[in-house]
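To start, the structure itself, in structure tokens.
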Amino acid sequence: MTDREKVLKFVQELKTDAEKSGYHLNPDSDFVEDLGEGLLVNKDRYGYISCPCRLSKGIFKEDKDIICPCDYRDDDLNDYGSCYCALYVTQEIIDGRKELKRVPERRNPIKKAEIVNSQKSQLFQSKYPIWRCSVCGYICARNNPPEVCPICKAQKERFDLL
């Protein structure tokens with residue numbers, strides 16, 4: 001399989017997964033292929049598909065919030081109609097009712113840590129650890145995170161212990 005065929009296959013998988021979850025990829029296929037290639041380069045480089053539009057540290061725990069789909073996707077889609085890298089877009093963008101515009105960077109590791117710590121103090125007590133999917137927000141109380149999120153199909157490494 002050629003590199004281009006790998007990228008096209010990967011992009012088709014992204015599109016299928018997005019549509020199953022109610023999301024849309026950018027209709028510009030050349031643009032999406034370029035992003036897909038960047039995601040695959042990062043997968044080869046780091047072992048995970050971190051956003052090609054952001055600087056990765058190469059440390060899974062520190063980059064977990066920017067693994068595609070990143071933790072900021074839904075807020076970006078809601079506020080701007082696309083995610084930071086514009087891989088995901090809303091139906092309004094696809095229909096031409098809204099134009100793509102620059103999405104400001106939401107990532108701020110210091111603030112993220114503060115938010116997580118404040119959330120921990122607000123959680124109810126449980127006899128089991130509480131796990132949260134960083135992609136879709138699914139929460140479960142069990143000894144270990146599920147192998148795959150039942151909602152968005154993210155792997156267990158995308159779960160945070162609350």
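The values are calculated or read from the model by the stated rules, or taken from the named source; none is laboratory data. What you are looking at is a predicted structure, and each value in this text was computed from that prediction instead of being measured. Heads up, the Cβs are rebuilt from the backbone with ideal geometry, glycines too, and the neighbour counts pull from every protein chain shown.
A few notes on this one:
- Pick from the stretch 78-103, criterion of a type outside the set (Ser, Thr, Tyr) and surrounded by 21 or more Cβ atoms within 10 Å (Cβ to Cβ), ranking: farthest from Gln12 (Cα to Cα): Gly81
- Checked against (1) over 26 Å from Ile93 (Cβ atoms); (2) at pLDDT 95 or above; (3) in contact with a Ser or Thr (Cβ under 8 Å, 6 or more places away or on another chain), Asn42 passes all but condition (1).
- Counting residues in the stretch 1-18 that are surrounded by 13 or more Cβ atoms within 10 Å (Cβ to Cβ), touching a Lys or Arg at 6+ places or on another chain (Cβ under 6 Å) and at pLDDT 95 or above gives zero.
- Each residue in the stretch 15-32 was checked for being closer than 18 Å to Ile93 by Cα and within 19 Å of the chain's Cα centre (by Cα), and 12 pass.
- Among (1) crowded, with 18+ Cβ neighbours inside 10 Å; (2) in contact (Cβ under 8 Å) with a residue 40 or more places away in the chain; (3) not in a helix (DSSP H, G or I), the one test that Pro27 misses: (1)
- Only one entry of Lys127, Lys120, Lys112, Lys64 meets the criterion of being crowded, with 16+ Cβ neighbours inside 10 Å and at pLDDT below 95, and that entry is Lys64.
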